[in-house]
Amino acid sequence: MSLHYVITGAESGIGLSFCRRALQDGHRVTALCYADSSSLAGTGARIVDGYDVRLAPPIPELGMIDRLVLCAGVFKPDSVGAWDFESMLEHFQVNTLGPLRVVQRCQPHISKGGRIAILSSCWGSLTENEGGFYAYRASKTALNAAAVSLAHDLREEEVVVVLLHPGFVSTNLTGFRGKLTPEESVEQLFGLIETVEAKDSGVFLDYHGQMVPW
């Protein structure tokens, strides 16, 4: 059955790989791209250029959504005593509030039984925090908390929410230093989205399907 995927951060990295993977399986894709979308030219995806999750403007001719995959993110290193508070605000605007704004925009269009997959990070785990990277960690921890609330609030609508840690992936966000390619990560994540049962909505999984501690 062909599903409709709406994917943020679709122009590069993990978002781009999600688009290609969904199209490979014959699904329809609306690709929300903040930057240059030439990587999606000729793929068959419906491209929405200049889409800023900090604003989450209306998406024309959206129709019903079966899978909402939220990949847009920002990462800038920081350390104790050298905090850039404007950068911290940017992290929260993009990594925390951005997904919520997109969900708010798209919620009326999400089908019964639909799924919202949110790219988080093990660096948002309080248990696994080893210091540093304050802005990124805090923005992802806050995102995790909001996503769990979202899972509870959308349960009656039978919409499943899943938080995903993609691993250390070689993208522009990591300076292309990751151990995994976007394709390798997405090949695992793509199937995981479908395995989460309604009773487990709000779960936080890594790309192996293992629970990530809060």
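The values are calculated or read from the model by the stated rules, or taken from the named source; none is laboratory data. The structure displayed is predicted, hence computed values, not measured ones. No Cβ is skipped: glycine too gets one built from the backbone with ideal geometry, and neighbour counts run over all protein chains shown.
Please go through segment 130-171 and give me each residue that is among the hydroxyl-bearing types (Ser, Thr, Tyr), at pLDDT 95 or above and within 13 Å of residue 75 (Cα to Cα), ordered by number.
134, 136, 139
Among the residues of segment 194-214, what is the count of those that are crowded, with 18+ Cβ neighbours inside 10 Å and over 22 Å from residue 136 (Cβ atoms)?
Residues meeting the conditions: 2.
Inspect segment 100-111 for any residue being touching a strand residue (DSSP E or B) at 6+ places or on another chain (Cβ under 7 Å), aliphatic (A, V, I, L, M) and not in a helix (DSSP H, G or I) and give the result as yes or no.
Looking through segment 100-111, at least one residue is touching a strand residue (DSSP E or B) at 6+ places or on another chain (Cβ under 7 Å), aliphatic (A, V, I, L, M) and not in a helix (DSSP H, G or I).
Only residues that are more than 11 Å from residue 65 (Cα to Cα) and of a type in the set (Ser, Thr, Tyr): list them for segment 1-18, please.
2, 8, 12, 17 - these are the residues of segment 1-18 that are more than 11 Å from residue 65 (Cα to Cα) and of a type in the set (Ser, Thr, Tyr).
Filter segment 144-196 for residues that are touching a residue at least 40 places away in the same chain (Cβ under 8 Å), part of a helix (DSSP H, G or I) and of a type in the set (Ser, Thr, Tyr) and give the result.
Result: 174, 185.
All but one of (1) in a helix (DSSP H, G or I); (2) without any contact (Cβ under 8 Å) to a residue 40 or more places away in the chain hold for residue 138; state the number of the condition that does not hold.
(2)
Can you tell me which residue in segment 1-18 is surrounded by the fewest Cβ atoms within 10 Å (Cβ to Cβ), limited to those that are in a loop (DSSP other than H, G, I, E, B), touching a strand residue (DSSP E or B) at 6+ places or on another chain (Cβ under 7 Å) and hydrophobic (A, V, I, L, M, F, W, C)?
3
Kindly establish whether residue 49 is more than 22 Å from residue 112 (Cα to Cα), acidic (Asp, Glu) and within 18 Å of the chain's Cα centre (by Cα).
Against the criterion (more than 22 Å from residue 112 (Cα to Cα), acidic (Asp, Glu) and within 18 Å of the chain's Cα centre (by Cα)), residue 49 qualifies.
Tell me which residues, restricted to segment 197-214, are free of Cβ contacts under 8 Å to residues at least 40 places away in the same chain and assigned to a loop (DSSP other than H, G, I, E, B).
197, 208, 209, 210
Of all residues in segment 19-38, which are under 20 Å from residue 67 (Cβ atoms), outside any strand (DSSP E or B) and either touching a residue at least 12 places away in the same chain (Cβ under 8 Å) or among the basic types (Lys, Arg) (or both)? Reasoning before the result, please.
If we filter segment 19-38 for residues that are under 20 Å from residue 67 (Cβ atoms), which is where we start, we get 19-34, 37.
Narrowing further to those that are outside any strand (DSSP E or B): 19-27, 33-34, 37.
19, 20, 21, 22, 23, 26, 27, 33, 34, 37 - these are the residues of segment 19-38 that are under 20 Å from residue 67 (Cβ atoms), outside any strand (DSSP E or B) and either touching a residue at least 12 places away in the same chain (Cβ under 8 Å) or among the basic types (Lys, Arg) (or both).
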